[in-house]
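The values are calculated or read from the model by the stated rules, or taken from the named source; none is laboratory data. Just so it is clear, the model here is predicted, and its values are computed rather than measured. So basically every Cβ, Gly included, is an ideal-geometry build from the backbone, and we count neighbours across all protein chains shown. For the accessible areas, the whole protein counts, side chains as well, though only heavy atoms, and no ligand, DNA or RNA atoms are used. Shrake-Rupley method; radii C 1.70, N 1.55, O 1.52, S 1.80 Å.
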Amino acid sequence: MGLSILLIAAAAFAADQDLFDVYSLEVEGNIYDFVSGNFDDDGLTDLAIIYSPLENPSGRYVGLYLQKGTDGFRPRADYLEPLPPSAVQIDIGDIDGDQMDEIVIIDAEGVSYIDYGAGTGLSRPIRLINQNTVFAMPAFFGIVAEPFVSDIVANNTGPEIIVPVSDGFVLYGQNDNTGYKELARLDAGVYCRNDRLGIRNFSGKRNTSVTMELPRLNVLDGNGDNRRDIYLLWHQKVCVFFQNEAGGFSKSPDAAVSFFADKPGGFLQSRLVDCNGDKRPDIAVSLTAGGITNTETTLRYYLADNSGIIRNTQSREVNLSDSHCNLMITDFNGDNIPEVVVPAIEMGAIAASKMFLLKKTDLHLLIYPMLNGLPAAEPDKRIEFEFRFDFEHPNPTGEISINWEADYNHDVFRDAVFSDGNGRLLFFWGNTKDYLSRRPDLEIPLDHPATVYPLHLNHGTLSDLVVEHNLTGRFDRLTILKNRNNKL
């Protein structure tokens with residue numbers, strides 16, 4: 001394509017460490033997001049980056065980066081293809097049964113997909129489903145990389161697709177070779193809101209912007225009948241649709257629980273997780289409210305009964321005097337019992353003074369052990385990390401993140417990766433006694449790293465990483481950290 005403006009940043013290089021090969025993928029413009037899949041049937045994970053050089057809905061592109069075995073990734077995209085101006089949501093899946101993933105897109109008029117061919121590259125978007133969606137808009141900035149393609153009904157051909165419409169969602173699938181057909185309609189509306197005054201609006205003018213929240217799709221067996229059910233999770237609500245013996249779904253939710261905040265404002269977040277090990281998903285909800293000097297966080301847990309129905313009253317409430325981030329719930333120390341980890345920023349007058357004078361503060365990991373399927377009232381351990389604010393950036397914490405999901409050094413335990421605002425990633429190896437090393441085991445300097453995403457790039461058991469950056473100039477970048485201890 002003539003408009004090939006993905007530029008070379010650097011060839012694959014090795015930092016001052018021997019665990020990862022490092023690849024830099026740079027574009028001129030702004031990277032919105034990425035998806036990963038096996039697009040060329042070689043068994044290796046490839047990346048598709050969605051970006052725009054001009055912040056223009058009519059100038060958004062998919063850049064396909066094919067993994068080249070031991071050579072890793074080229075700094076330039078192998079293929080480019082424009083996105084439709086009304087494209088909003090993107091996912092991957094094997095739509096045509098060729099054992100390779102396609103890039104699947106929801107836009108105003110339905111669902112289309114972009115196919116890859118070894119001799120032809122990326123195709124133009126191919127219309128798959130005609131359906132008026134909730135995205136009834138002629139143009140869209142950015143992209144929503146959130147799953148809507150999943151294998152749900154066992155005897156169908158290919159994956160199912162869930163499409164948001166004005167009054168809920170439509171489930172499409174293939175039960176023969178004649179294409180996608182409507183299988184069910186699910187009553188669960190999309191949430192929208194208007195924030196009357198923005199943080200920088202001092203004029204008193206009303207805000208005309210509308211924020212839409214799509215649910216997160218979770219597909220799993222929620223009631224123990226060996227059939228995959230549909231969970232649609234917003235921060236304020238969950239709707240559950242159980243699959244019946246015929247492979248169908250009722251129009252109304254089999255269970256619906258709301259957990260709206262007790263008071264307006266604040267930051268509300270929910271998480272679907274099995275708290276008590278009964279293989280039925282529960283809900284963990286957290287709400288942070290208050291200002292810098294009077295911040296409070298409330299954690300609430302809603303458990304499911306034996307039939308998989310999530311109870312609409314909480315089973316446990318925990319109160320903190322900190323500002324929390326994203327909850328993490330899994331087995332972190334290898335004892336086969338999950339822990340609840342609350343990343344919390346210390347707040348209050350002293351912490352605020354340190355924040356503004358030194359541009360630093362502390363991130364604490366509050367670790368709560370599970371007792372009889374519910375978290376204890378007090379944390380068992382507190383791990384502290386110091387990080388630096390960037391008050392010259394519109395988002396002062398844009399380069400602060402922690403991920404504690406994956407094993408990088410082959411010791412079975414989950415390791416933590418911390419971006420501390422100082423232009424580096426710090427790796428802390430997991431263990432049984434202290435959960436994590438007290439000091440960083442590995443440090444990798446990078447240019448303004450922001451968020452890390454663990455994924456598997458090849459056939460090994462150890463995790464690799466994709467790193468997003470917090471850049472403000474003409475160029476944007478993803479960095480690939482490919483684990484050398486994995487096998488191709």
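Computed values, structure above
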read-out	value
Relative contact order of segment 101-181, defined on C-alpha pairs under 8 angstrom at six or more residues apart (%)	21
Label-point separation in nm, GLU28 to ARG127, each point 7 Å along Cα→Cβ	3.5
Cα→Cβ-extended label distance, 7 Å offset, between THR451 and THR70, nm	3.5
Cα centre as origin, Lys/Arg/Asp/Glu Cβ charges: the chain dipole, Debye	1500
Which listed pairs, of LYS381/LYS433; LYS279/LYS381; LYS68/LYS482; LYS237/LYS381, have C-alpha distances above 22 Å, in listed order	LYS279/LYS381; LYS237/LYS381
Segment SER315-THR461, extension gain: residue separation times 0.36 nm, minus the distance between their alpha carbons	48.9 nm
Around LEU481: net Lys/Arg minus Asp/Glu count, Cβ-Cβ under 11 Å	0
Net length gained if the chain between ASN177 and PHE141 were fully extended (0.36 nm per residue, minus Cα distance)	9.4 nm
Cβ-placed point charges (K, R +1; D, E -1), dipole of segment 132-271 about Cα centre in debye, nearest 20	900
Shape metrics for the chain, restricted to C-alpha atoms - Rg then Dmax, Å	22.9, 66
Hypothetical label at ARG382: residues of segment 277-314 whose amide nitrogen lies under 17 Å (7 Å Cα-Cβ projection)	293-299
At R0 = 35 Å, FRET efficiency that the Cβ-Cβ distance of ASN155 and SER258 yields, to 0.05	0.55
Charge dipole (debye, nearest 20) of segment 391-488; +1 at Cβ of Lys and Arg, -1 at Cβ of Asp and Glu	240
Cβ-derived FRET efficiency at R0 56 Å, ASP18 paired with ASP167, nearest 0.05	0.50
Gyration tensor verdict on segment 41-156 (Cα atoms; rounded if a/c is under 1.5, prolate if a/b is larger than b/c, oblate otherwise)	oblate
Euclidean distance between Cα centres, segment 423-440 to segment 136-171, Å	38
Prolate/oblate/rounded label for segment 395-488 (Cα gyration tensor, a/c 1.5)	oblate
Net lengthening on full extension, SER307/SER209 (0.36 nm per residue, minus Cα-Cα)	31.1 nm
Positive dipole terminus of the chain, leading residue within ASN38, THR472, GLY72 (C-beta point charges)	THR472
Overall form of segment 311-465 per C-alpha gyration tensor (a/c, 1.5; a/b vs b/c)	oblate
Accessible surface, per residue, of the chain when the full set of protein chains is kept, probe 1.4 Å, Å²	46
